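Student: There's a structure below that I have some questions on.
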Amino acid sequence: MSRRRMTIRGVTAGAAIMIAAGATAACTPNTTAADAADEATNSGAISVENCGQELSFAAPPERIVSTGQTTTEILLALGAADQMVGTYRTFNEVPEEYQEDFDSVPALAGEDFAPKEKTLAAEPDLVVANYFNEEFDESLGTPTKEDLHDIGAQIWGSTANCVDDQSNVTLESVYDDIETLGALVGRPERGKELAAEVRADVEKTTRAVAHEDPVSVLAYSNGEGPLGVQGAGLGSAIIAAAGGENVFADLRQSFEQVSVENAAERNPEAFITLQYSPGPSAEDKAELLNSTLPTTTAAKKGRAVAVDDAGMGPGIRLGETVRAIAEGLHSGAFD
């Protein structure tokens, strides 16, 4: 089996930001990331409710470690490269426009988890994590949350991956996270702008396929049996926005393993293959699915769409991923 994918378990996440000039102000229950970002300044105190905790900074953090590609790309797109002191778990090429900034940030590891010693030696004041509830475990060789807190570091986690009930995850959580991180790193206007850009890209495609019949899909990551597939959560929301319907949307977690027999019974009309390095090519993955699930409509029609693994996560690639899937499922909508 290819690389280990994180499963999701955790506490309910909040996305409210409270900003104060001199003192932290109370935030009403209806405060949104956009409302808070309106008030953020580079010199103001910043307090963020996230993944069942509160993060507070007297000023924007200056030493940030990012533990996953989606969070890394958000930070780069926000213009925070000069505040970053480390990255790891990068499985795809970063977008070309951010390559130079990405290369300027130390890679604490490539596709793997960075060793505890390297992360702590970077002396982060903020760790931006893709999987808040999963990543900080001695068994992975990473620092624990207590290790990080002992050196004064705080941890922010992607909201979509902090919730117990993945069926409630929507694309809105990603837009809110982008705005939240923008405020947190002292770039609230850029956060709002970037979130609006990503939203607009998604909605443009969604409008194009709005009158198409949904196509049932199996979104495959790895394994020859059992198969690692996308379950409930953000992946299903992305597929729905592209005019598809995830045949395993009823699973509890965002990534689960299923039997070949179960996958065949769901009879998807198309496959989506998630690509990452190191790993098989898109052609090899499609061929494996066709031979493993030959009775499915997807295999009989040879219908498969390849997308980067990073594009199916809570990051800035939502627009291009939704578009790529939609074009594969509903090519006629884009003639």
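The values are calculated or read from the model by the stated rules, or taken from the named source; none is laboratory data. If you're wondering where the values come from, they're calculated on a predicted model, not measured in any experiment. As a convention, Cβ positions derive from the backbone with ideal geometry for all residues, glycine included, and neighbour counts pool all protein chains shown.
Student: Scan segment 103-125 and tell me whether some residue there is touching a Leu at 6+ places or on another chain (Cβ under 8 Å) and touching a residue at least 60 places away in the same chain (Cβ under 8 Å).
Tutor: Yes - at least one qualifying residue is present in segment 103-125.
Student: Next up: Picking from G157, G182, which residue would you name as being touching a Cys at 6+ places or on another chain (Cβ under 8 Å), crowded, with 24+ Cβ neighbours inside 10 Å and in the same structural domain as Q53 (by TED's automatic domain parsing)?
Tutor: When all the criteria are applied, what remains is G157.
Student: Right, next: Which numbered condition trips up A121, out of (1) farther than 30 Å from E327 by Cβ; (2) surrounded by 15 or more Cβ atoms within 10 Å (Cβ to Cβ); (3) of a type in the set (A, V, I, L, M, F, W, C)?
Tutor: It is condition (2) that A121 fails.
Student: Next question. With within 29 Å of A107 (Cα to Cα), at pLDDT below 50, charged (D, E, K, R) and not assigned by TED's automatic domain parsing to the domain that holds E224 as the only criterion, which of R63, R89, R9 stands out?
Tutor: Residue meeting the stated conditions: R9.
Student: Within segment 46-91, how many residues are of a type in the set (D, E) and assigned to a loop (DSSP other than H, G, I, E, B)?
Tutor: 1
Student: A further question follows. Does V258 fit the bill of being without any contact (Cβ under 8 Å) to a residue 40 or more places away in the chain and crowded, with 20+ Cβ neighbours inside 10 Å?
Tutor: Judged against the criteria, V258 is a match.
Student: Still on this structure, I have one more. With crowded, with 20+ Cβ neighbours inside 10 Å and touching a residue at least 60 places away in the same chain (Cβ under 8 Å) as the only criterion, which of P188, P143 stands out?
Tutor: Only one candidate passes the filter, namely P188.
Student: Next question, about the same structure. Return the only residue of E193, E212 being part of a helix (DSSP H, G or I), of a type in the set (D, E, K, R) and surrounded by fewer than 17 Cβ atoms within 10 Å (Cβ to Cβ).
Tutor: Result of the check over E193, E212: E193.
Student: Here is a further query. Looking at V94, V128, which one is touching a Phe, Trp or Tyr at 6+ places or on another chain (Cβ under 6 Å) and either not in a loop (DSSP other than H, G, I, E, B) or not assigned by TED's automatic domain parsing to the domain that holds S173 (or both)?
Tutor: V128 is the lone residue from the list that is touching a Phe, Trp or Tyr at 6+ places or on another chain (Cβ under 6 Å) and either not in a loop (DSSP other than H, G, I, E, B) or not assigned by TED's automatic domain parsing to the domain that holds S173 (or both).
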